[in-house]
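Participant: My questions will all concern the structure given below.
The values are calculated or read from the model by the stated rules, or taken from the named source; none is laboratory data. As the structure is a computational prediction, the values presented were derived from the model and not from experiment. Note that we place each Cβ from the backbone using ideal geometry, even for glycine, and neighbour counts take in every protein chain shown. SASA here: full protein model, heavy atoms, side chains in, ligands and nucleic acids out. Shrake-Rupley method; radii C 1.70, N 1.55, O 1.52, S 1.80 Å.
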Amino acid sequence: CVSLELWNDDTGELICRNAPVYGTGDVAQNESGYVISIPPCLFGSEEEGLLPPHVLSLDTNLTTIKVANNTNGHWGVMALWQMRAAYVGGNPPSWR
């Protein structure tokens, strides 16, 4: 994966962008040319040094864009967001 982006289509705002960090050396866990981490998008308080969390409604339109290099065949590459959220103001609405 070259990058993965999550966009709020209603506002045109980029919510999150992930891109791999490649190793630069020849020691274990820092091998040149290999992905050594993919930093997550984290939200929270300014005191924690984080961006404020986004407030999305249940009908917010989202788009994800994944960029991958397909020069050589490879399998098991997915574009998947794993998100955690909370309802503002307490309990979720009824799903009836």
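Participant: List pairs: first residue in the range 64-92 and within 23 Å of P40 (Cα to Cα), second residue modelled with pLDDT under 75 and β-branched (V, I, T) anywhere in the structure, Cβ distance under 9 angstrom, at least six positions apart or on different chains.
Facilitator: Every condition considered, the pairs that remain are K66/V77; A68/V77.
Participant: Tell me which strands (runs of 3 or more DSSP E) are completely within the range 1-64 and hold 2 or more residues being at pLDDT 95 or above, or say none if there are none.
Facilitator: By residue number, 3-8, 13-18.
Participant: Across the range 15-39, which residue is farthest from T64 (Cα to Cα) among those that are open to solvent by 70 Å² or more (accessible area, probe 1.4 Å), more than 18 Å from the chain's Cα centre (by Cα) and not hydrophobic (A, V, I, L, M, F, W, C)?
Facilitator: Ranking the qualifying residues of the range 15-39, first place goes to D26.
Participant: Restricting to the range 40-62, give me the number of residues that are loosely packed, with under 10 Cβ neighbours inside 10 Å and either within 11 Å of the chain's Cα centre (by Cα) or under 17 Å from W7 (Cβ atoms) (or both).
Facilitator: Residues meeting the conditions: 4.
Participant: Out of (1) under 23 Å from D10 (Cα atoms); (2) in contact (Cβ under 8 Å) with a residue 12 or more places away in the chain, what's the single condition that is false for D59?
Facilitator: (2)
Participant: Go through the range 1-38 and report how many residues are more than 22 Å from Q82 (Cβ to Cβ) and in contact with a Cys (Cβ under 6 Å, 6 or more places away or on another chain).
Facilitator: 0
Participant: Search the range 1-14 for residues being touching a Ser or Thr at 6+ places or on another chain (Cβ under 8 Å) and among the hydrophobic types (A, V, I, L, M, F, W, C), and hand back the single one that is most open to solvent (accessible area, probe 1.4 Å).
Facilitator: The residue in question is W7.
Participant: Return a yes/no flag: does the range 70-80 have any residue that is at pLDDT below 80, within 15 Å of the chain's Cα centre (by Cα) and open to solvent by 100 Å² or more (accessible area, probe 1.4 Å).
Facilitator: Yes, there is a match, as at least one residue in the range 70-80 is at pLDDT below 80, within 15 Å of the chain's Cα centre (by Cα) and open to solvent by 100 Å² or more (accessible area, probe 1.4 Å).
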